[in-house]
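Read through the structure below, which is laid out as structure tokens, and then see the notes.
What follows draws every value from the coordinates through simple rules; no lab data is involved. All values derive from a computational prediction rather than experimental measurement. Backbone-built Cβ (ideal geometry, glycine too); neighbour counts: all protein chains shown.
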Amino acid sequence: MPEEPCQCPDCQRFYREHDRLIRESPTLRQQQELNWAALQSFRTLSGRVLEDLQKQYGSKANEPSSQVTSAGVVEEPVDELQQAIAELENINAHLYSIEALMERIFDVKVPEAVEQKFRELAGELAPDPLNVDRLRLNRLLHQTPDLPDRN
């Protein structure tokens, strides 16, 4: 028996976004473009943040790392920044690798019949949340005695 999907707010947001992306980009070509744009925006933003941090804190990274606050607590902001910069460098390296792999995806072209199959299955995988049948089902599910209808 399959495990029930997680119902936590983060997972629910993921499921909604997942379904929305399938509904709004139901063809191979649209998925290629969507993923390319997402990768590029991630790479652009993380690269810019890394560049700014390196400019702003690059020279401070070689200074002593401990500071004592007014409460006498030792903080190590430079070490945290060095760690964050190192992590961002790793993220950017991975994003460049992913970009190289994704370029191969754009080499794939499929006939219109296959694109139609993408559209057909997208409708099954992520049906329109405002579809009359889905709304009716949701209303029926929310009319159970332990979960009264909110209307």
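Couple of notes before you dig in:
- In this label model, VAL49 and ARG29 are separated by 3.4 nm, measuring between points 7 Å along each Cα→Cβ vector.
- Cβ-based net charge around SER46, under 13 Å, with every Lys or Arg adding one and every Asp or Glu removing one: -3
- Candidates per GluC sites (Glu not before Pro) in the range 1-60, loop by DSSP, up to 11 other Cβ within 10 Å: GLU3
- For the range 36-44, putting each phi into the Karplus relation 6.51 cos²θ - 1.76 cosθ + 1.60 with θ = phi - 60° gives couplings of 5, 5, 4, 4, 5, 5, 5, 5, 4 Hz, in residue order, rounded to whole numbers and with x for Gly and Pro.
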